[in-house]
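Single-structure report; data block below.
The values are calculated or read from the model by the stated rules, or taken from the named source; none is laboratory data. Because the structure is a prediction, the values reported are computed rather than measured. Ideal geometry is used to build each Cβ from the backbone, glycine not excepted, and the neighbour counts take in all protein chains shown.
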């Protein structure tokens, strides 16, 4: 009686959404543009019910209009009950040009998710993916779709890096069109690329990773083009808004995406990475990724147990019933920090606690930030919070089951990961941030005390960390001899604090009982004490003991683990490292064994990376590309291979160094913040680049006549290495200064008439002088710097072919090189490379001894210097040559107590860094090209540049006798490059003491942009104009008002408060009203401003 449902409802030419059910009354259906009418097919459920169609003439045939046609069906039950069904029929317009969906075959995700009105998308595919097939869907089958002007069903071949795919959509009537764009990016191939053509190897090499350009970007207006791989130039640009190769400021639109170059490079022919294993395949670069998956010569990962069981140490300690005695003495205990973790959870089920810990670890991975992300999280949402909760749950599980070794081990893994969370991703707990802020005053007081000690020992100004440590060590030794123990203890405290603060003490993080890494080691040892026969515990204990410098104990643990698991590649790798770090020099057989184990670890890593099943590893994984301990081990392998320690199916030294450069560059670009790990990685990258440069030069010497491409490659790599050193985040130290100067010397030897190379050499020599103006070599350094700059200027507009200038022959390093070449030509043997151990012995330790201040800077290091956390060198920051003031991005006031020149070298080079003994001694051993093997560059002409004049002005400003010449050069720089801030600032520092008004006029010549476009560097200059005019009491100067406005707008009103008060006291009310009005972008007669002026009594 009351049944008013429909039993059936459908529309011809379309499908109802949702599918029909009697209880649902609202439906939608879309039909194509060529359908002019549809028919409703419907029946009532009750034969006694009736229905009528409320549309048009009421018939079941619906004549459609373009757009939405709302059709209602009224059903009346036998008792009069009424129900209305509504169907919205949308007839598509023939003018519509859009997609209804877009996907990539294989469920490859799009970013953002598809929406009809969003036209640009990105997608990332694996490096081995050669082509993608797009699956566009249209709402109207009459709409025409093409993909890159081809049939939409055809696969799209992919470039090596980026491929732009255009989906063109044309409306049914042909009147409208729309283009959807998908940028498909292939992941970076985890290996170095070798082109078959030498010129292509030169043209397509990235200056940072020294392999094929990945997603190439050129810098706008650079000539010749400066091209970089996209991830690396973006990383460098975040640090400093300058072109790394020319030091010119980057404009707003500095990025030029080189898609054509990517396409051209992808078609170039390359060799298989596994050539060393017998593969002679040659393919296009775009096919290299897929080939690496299926190459029959790819390492399988199958290892031979005999490599371990046939060693002398295995036969002696493990072949019989006897076992290797381990020196480590450790007892299981619950430490205070662990008790604090255990008190915070009420759960009493071990399995549930472990499951919660695993969930929090997974959540931590999901929340990790990416480069460029803002590190701001709501309470409880930080990735570090999730990791801390995992530690709490494991610690609570240990409280319930303290004899279960696996729980101790898992807690150790989480604690070690906390170290990387803070150092690599910049994550900090709020309590730690607050503690750091509270300790700022204490740190400042300690730094002042350190500078006072430095002054006592002849280190004036702001010495490098290396010199500060040296001064503290001298002071400590003197106080100890004088019996002043209390004062000596304080100096020792300063030494340890400075070492840890600067990363100079490589084992500080492992030894520091409050550090996460030390706590992790304790938990690994707890697990081992409960289960000494577990290979995994032995592996993690061994690698952390290596970091701590306890190489003998580390080797015992690693050999015990390897005896239990002889086929494990990570155990082999770290055993190889430990064998080379023992106190006694490694024998030839030991070196071969170590090299074999290191290569097997590397090949396992490569085979894992070159597989479809590879997943991004944890930073704390033993064989991870973010582990500097692993990467430094690879550098050690490269050093061994320079002497062909392994010959059969072995990677060459160049291949190993190239792998290190590729992996490290990728890892550095993934670091979210500057910290210990980034600095260690940068050291690895610099060492790998220098080692490759050295090998390239050595190979050129062994050839009868080095090719033009080889020589050009040497010059290009010298320039790239110098640029990286300038922009590195490593702290100033002598070793980096030496590396910078050595690289510049090699560039000049390769092309002695290259004006730019000579300029870079002058900057490096000037940095050497500024690092220690009172050293024995300082006079030579500043003289050489002037000569290099003068030569650079003299060669402008001249060809790069011909004889070196006389300014070079006057420099001692050049004379020494010529003498060595003459001896070599006469058959006199020069100093030779004595191998891995000698290279390591040349490195400085930098860290204090246990319980005393060690003379680490001045004394020879112990044979096995501990490697820093993650196995790299102590996190050290790089040297920077005199650079543009804009690098730091802040309008800081120069140090007026120093010489005028000190402002020129804004980041002096880093102090001595720690390394493992077996690391390549790059800065000490690079050889130079023979005199005759110069690049044939007859067609190249040097350009005129202000950089050489700016460098020469800085060098001349170091001496009072030549400051007048420096002033003239600064004026010349200003006329050549009016926008270079440093030239004005440094000239003013020379002029202000004797002629402050002339100094003001120099600043007033600076071409300021409109206030809205001014940077912090511009604000520095306007702030200086204000300061100097106020000091001179030139209140009516025409530049005072505009400068106050500009400075106040950029830096904030608080920065000019003191000047406002002075002007108020001088009754300069007209000027004040004008300044306030312009800062607030208002007219002086604005009512609110008038009220304010009355309040201030300015009216």
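Worth a mention:
- Residue pairs whose Cβ atoms lie under 6 Å apart, separated by 6 or more positions or on different chains, with the first residue in region 189-206 and over 18 Å from residue 275 (Cβ atoms) and the second surrounded by fewer than 18 Cβ atoms within 10 Å (Cβ to Cβ), are 199/709; 202/709.
- Exactly one residue out of 150, 166 is over 30 Å from residue 231 (Cα atoms) and in the same structural domain as residue 125 (by TED's automatic domain parsing), and it is 150.
- Check on residue 750, buried (at least 24 other Cβ atoms within 10 Å of the Cβ), at pLDDT below 90 and under 20 Å from residue 210 (Cβ atoms): yes
- Residue ID - nearest to the chain's Cα centre (by Cα), chosen from residues in region 745-793 that are more than 13 Å from residue 808 (Cβ to Cβ) and not in a helix (DSSP H, G or I): 772
- Qualifying residue in region 820-834 (condition: modelled with pLDDT of 90 or more, over 36 Å from the mean Cα position of the chain (by Cα), surrounded by 13 or more Cβ atoms within 10 Å (Cβ to Cβ) and in a helix (DSSP H, G or I)): no
- Restricting the search to helices (runs of 4 or more DSSP H) fully inside region 1048-1099 and requiring at least 3 residues that are more than 21 Å from residue 1036 (Cα to Cα) gives 1087-1095.
- Set 637, 685: member being assigned to a helix (DSSP H, G or I), in contact with a helix residue (DSSP H, G or I) (Cβ under 8 Å, 6 or more places away or on another chain) and closer than 21 Å to residue 213 by Cβ: 685
- Restricted to region 571-583, and to residues there that are crowded, with 24+ Cβ neighbours inside 10 Å and in contact (Cβ under 8 Å) with a residue 40 or more places away in the chain, the residue that is nearest to residue 524 (Cα to Cα) is 574.
- Among the candidates 244, 207, 190, 224, residue that is modelled with pLDDT under 90, touching a helix residue (DSSP H, G or I) at 6+ places or on another chain (Cβ under 8 Å) and assigned to a loop (DSSP other than H, G, I, E, B): 190
- Unique match (being surrounded by fewer than 19 Cβ atoms within 10 Å (Cβ to Cβ), in contact with a strand residue (DSSP E or B) (Cβ under 9 Å, 6 or more places away or on another chain) and touching a residue at least 24 places away in the same chain (Cβ under 8 Å)) among 263, 230: 263
- Counted residues, region 17-39 - those being surrounded by 15 or more Cβ atoms within 10 Å (Cβ to Cβ), in contact (Cβ under 8 Å) with a residue 60 or more places away in the chain and part of a loop (DSSP other than H, G, I, E, B): 3
- Residues being over 25 Å from residue 77 (Cβ atoms) and more than 58 Å from the chain's Cα centre (by Cα) - total across region 12-34: 1
- With respect to the stated conditions, residue 42 is over 24 Å from residue 136 (Cα atoms), touching a residue at least 24 places away in the same chain (Cβ under 8 Å) and assigned to a strand (DSSP E or B).
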